[in-house]
Amino acid sequence: MAMTLPPMSGDHRPKLGRNITVLAAASFFTDVASEMIHPLLPVFLSTVLGTSVAALGVIEGMAESVSSLLRIPAGWWSDKTRRRKPFVVIGYAIAAVARPLIGLAQGAGQVLAIRLTDRFGKGVRTAPRDALIAESVAPSQRGYAYGFHRAADSAGAVVGPLIAWVVLSAGWVELRTLFLFAVIPGAISVALVGLFVRERVAEPVVEVVATEAPPRRQPAPLVSLGTPFWRFLVAIFLFTLGASTDAFLLLRASQLGVPTAVLPILWAALHLVKTSSTAIGGALSDRYGRRPLILGGWMVYAATYLGFALASTAWQAWALFLVYGLYFGLTEGSERAMIADLVPAASRGTAFGWFNAAVGLGALPASALFGVVWQGYGPPAAFVMGASFAVVAALYLVLAVPVISSNATQDARSAR
């Protein structure tokens, strides 16, 4: 399920408790650290280290694949041990130590190793952390808790680039030193979780017994997911093959004349649009259906990529980045809600696991192929290719995946 911003509820908002507020603060500081580096990484690789565009695609694709694929076994292991906090602390610690080392890297191979380690930490912590959030509040407060956590995460994605912009614009430090400074907010996040988060095991024990009492053979959840789900997953995978890392957008913006010191501001603006539009997109999918919102988002993606292929000035890069944020708003909640609509309630965990796997498996070839086309045929050809995958995926979604009826959607919402 997509996490949305917490709803307003008059003067009677429920208290979220220490675990939620501490995990939100940890996520905020982690994103500050990450986003001090991420929008500047493409320029650092291409100008400081002299890395090829194809290598950039491989680095980012492998990093995101590792993060996505690790979430399934990490979540399963935390269920088996009924311990969440160790995974969360270790995951944050690995990323906090590895991420700033990019400031010391002397070649693409070292950057790859650092990025893989950073994303390994994210893969280890994400599913156990989300489970710990659910276990730390009453069921009636979980939506609010996830929304609060998501808001803090998005705030960090805005503050981090702004810090980088201020530091670089003032000329206080160079890129490498800025990357090293990212260790500070990363260390704060580890300390917060390690010192103030409490393990909650009582509720998971009850839920595991209730869920696993009827013994099920391994193939059963796969069969129960149904043909419409697998067709939708094919559509997601087709789209993902054209959804390369956003690092290429930053590199393209740099080519179009956006100064290096201003790239963090551009990145922060994208996150502001994402944050403000995701909740609206999810609500619209409840009212008008999932598929129209997903198709609209994929068309926005295709139009944005065509725009990057044709763009020639810096202001166009700014406009395209802002429009690109709407793609996330239209699809992030709608795609996950459609998965929940397509499968039985008892199989939703398995379905979301396959969803993450499909996205992860598509991330590496998508970015690698994009980089190869960019280097061999130029940026316009690469962006046209990405737009084409989005169009093909949209056509497959229309032709192969059924429209979910209002009754089915209502049943799904009632089950939730």
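The values are calculated or read from the model by the stated rules, or taken from the named source; none is laboratory data. Since the structure is predicted, the reported quantities are computational estimates derived from the model, not experimental observations. Cβ coordinates were reconstructed from backbone atoms using ideal geometry, including for glycine residues, and neighbour counts include every protein chain displayed.
One table, with the values for the structure above:
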item	result
Test: residue in the range 136-158 that is at pLDDT 85 or above and on the phi < 0 side of the Ramachandran plot	yes
Any hit, the range 188-205, residues being modelled with pLDDT of 85 or more, basic (K, R) and farther than 22 Å from G75 by Cα	no
Matching option when the condition is surrounded by 18 or more Cβ atoms within 10 Å (Cβ to Cβ), over 16 Å from the mean Cα position of the chain (by Cα) and under 24 Å from S367 (Cα atoms), among A311, A269, A319, A243	A311
Single residue of A381, A351, A346 found to be in contact with a helix residue (DSSP H, G or I) (Cβ under 6 Å, 6 or more places away or on another chain) and either surrounded by 20 or more Cβ atoms within 10 Å (Cβ to Cβ) or at pLDDT below 75 (or both)	A351
Residue ID - farthest from the chain's Cα centre (by Cα), chosen from residues in the range 355-378 that are of a type in the set (S, T, N, Q) and surrounded by fewer than 21 Cβ atoms within 10 Å (Cβ to Cβ)	Q375
Hey, T30 in contact (Cβ under 8 Å) with a residue 40 or more places away in the chain and part of a loop (DSSP other than H, G, I, E, B) or not	no
Among the residues listed as F179, F229, the single one being within 25 Å of the chain's Cα centre (by Cα), of a type outside the set (S, T, N, Q), farther than 30 Å from A261 by Cβ and modelled with pLDDT of 70 or more	F229
Residue in the range 44-60 that is modelled with pLDDT of 80 or more, more than 18 Å from L251 (Cα to Cα) and in contact with a helix residue (DSSP H, G or I) (Cβ under 9 Å, 6 or more places away or on another chain) present	no
Scan of the range 67-95 for residues that are closer than 19 Å to V197 by Cβ, at pLDDT below 80 and small (G, A, S), ordered by number	A74, G75, S78
Leading residue by the ranking (nearest to F355 (Cα to Cα)) among those in the range 283-308 that are surrounded by 22 or more Cβ atoms within 10 Å (Cβ to Cβ), more than 17 Å from the chain's Cα centre (by Cα) and modelled with pLDDT of 90 or more	A302
So G171, is it on the phi > 0 side of the Ramachandran plot, at pLDDT 80 or above and outside the structural domain of S334 (by TED's automatic domain parsing)	yes
Test: residue in the range 75-86 that is on the phi > 0 side of the Ramachandran plot and not polar (S, T, N, Q)	yes
Test result for S276, surrounded by fewer than 17 Cβ atoms within 10 Å (Cβ to Cβ), modelled with pLDDT of 90 or more, more than 28 Å from G171 (Cβ to Cβ) and outside the structural domain of V32 (by TED's automatic domain parsing)	no
The range 152-190: number of residues that are of a type outside the set (A, V, I, L, M, F, W, C), assigned to a loop (DSSP other than H, G, I, E, B) and under 10 Å from P100 (Cβ atoms)	0
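Residue by residue, here is whether (1) over 30 Å from F370 (Cβ atoms); (2) crowded, with 18+ Cβ neighbours inside 10 Å holds:
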{"site": "A55", "(1), (2)": "no, yes"}
{"site": "P73", "(1), (2)": "no, no"}
{"site": "S78", "(1), (2)": "yes, yes"}
{"site": "A98", "(1), (2)": "no, yes"}
{"site": "G103", "(1), (2)": "no, yes"}
{"site": "A113", "(1), (2)": "no, no"}
{"site": "V124", "(1), (2)": "no, yes"}
{"site": "P128", "(1), (2)": "yes, yes"}
